[in-house]
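Colleague: Dropping a structure here in structure tokens format, bear with me for questions.
The values are calculated or read from the model by the stated rules, or taken from the named source; none is laboratory data. Because the structure is predicted, anything quoted here is derived from the model rather than measured. No Cβ is skipped: glycine too gets one built from the backbone with ideal geometry, and neighbour counts run over all protein chains shown. The accessibility values were calculated without ligands, DNA or RNA, using every heavy atom of the protein model including side chains. Shrake-Rupley method; radii C 1.70, N 1.55, O 1.52, S 1.80 Å.
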Amino acid sequence: MITRLHRRRALAMTALALAAPSLARAHGFHASFSVIELNPRTQALEIFHRIFIQDLEILLTARAGEAVTLHDAPATAKLVESYLLAVFSIKAPDGKALKPEWAGMTLQVDTLFVYQEIKNAGGLKGLMISDQILTETHPGQVNTVNITTNGRTQSLIFTASDSAQTVTF
């Protein structure tokens with residue numbers, strides 16, 4: 001279920017993707033952008049990923065051994081969900097894994113937007129995050145994760161050689 005906050009964030013991320021069409025077409029860089037926000041009303045962590053379709057198709061094709069196209073969204077949603085669960089992880093400060101629930105994905109021009117949610121996260125005092133999205137096929141990949149809780153945003157940057165990083169709130 002995509003909430004009003006999901007729609008608002010999706011519109012903002014779409015605007016960001018469309019604001020730099022020349023960069024996306026040239027695609028001289030490899031990056032993903034993720035946002036984690038604590039929804040004060042539901043006490044859920046809402047997660048949004050923005051990933052270049054071309055890069056993800058290359059990776060999923062290499063993993064599957066056959067051509068994968070994300071434009072066949074119903075057939076590939078489970079593949080994307082499984083991949084993200086393997087390379088993007090969130091743990092509570094005590095080390096307990098927090099498994100995001102799938103909320104959906106949309107394709108916009110050359111960008112994939114994925115929506116996930118972790119319910120009942122309001123009592124957390126921090127997170128341990130690992131983000132290795134696309135690093136196995138793109139060694140120069142740079143992933144940014146913005147975490148917003150209580151009106152405060154913290155940013156983490158991940159490359160292929162980075163391990164988990166911790167934020168406290």
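Colleague: How much solvent-accessible surface does residue 152 expose, in Å² to the nearest 10, with a 1.4 Å probe and all protein chains in place?
Modeller: Surface accessible to solvent at residue 152 totals approximately 130 Å².
Colleague: If you average the sequence gap of Cα pairs under 8 Å that are 6 or more apart and divide by the length of the range 77-133, what percent do you get for the contact order?
Modeller: Value for the range 77-133: 42 percent.
Colleague: How much net charge surrounds residue 32 when only other residues with a Cβ under 9 Å from its Cβ are counted (Lys, Arg +1; Asp, Glu -1)?
Modeller: Combined, the nearby Lys, Arg, Asp and Glu give -1.
Colleague: Then there is this: Roughly how many Å² of residue 88 are accessible to a 1.4 Å probe, to the nearest 10?
Modeller: Rounded to the nearest 10, that gives 10 Å².
Colleague: If one computes P(r) from the Cα atoms of the range 87-139, what percent of pairs lie at distances over 17 Å?
Modeller: Value for the range 87-139 (Cα pairs over 17 Å): 51 percent.
Colleague: What lysines does residue 78 reach when the alpha-carbon gap must be under 25 Å and sequence neighbours fewer than 8 apart in one chain are set aside?
Modeller: Output for residue 78: 91, 96, 99, 119.
Colleague: Please work out the Kirkwood hydrodynamic radius for the range 73-168, using every pair of different C-alpha atoms, and report it in angstroms with one decimal place.
Modeller: Computed over the range 73-168, the radius equals 14.6 Å.
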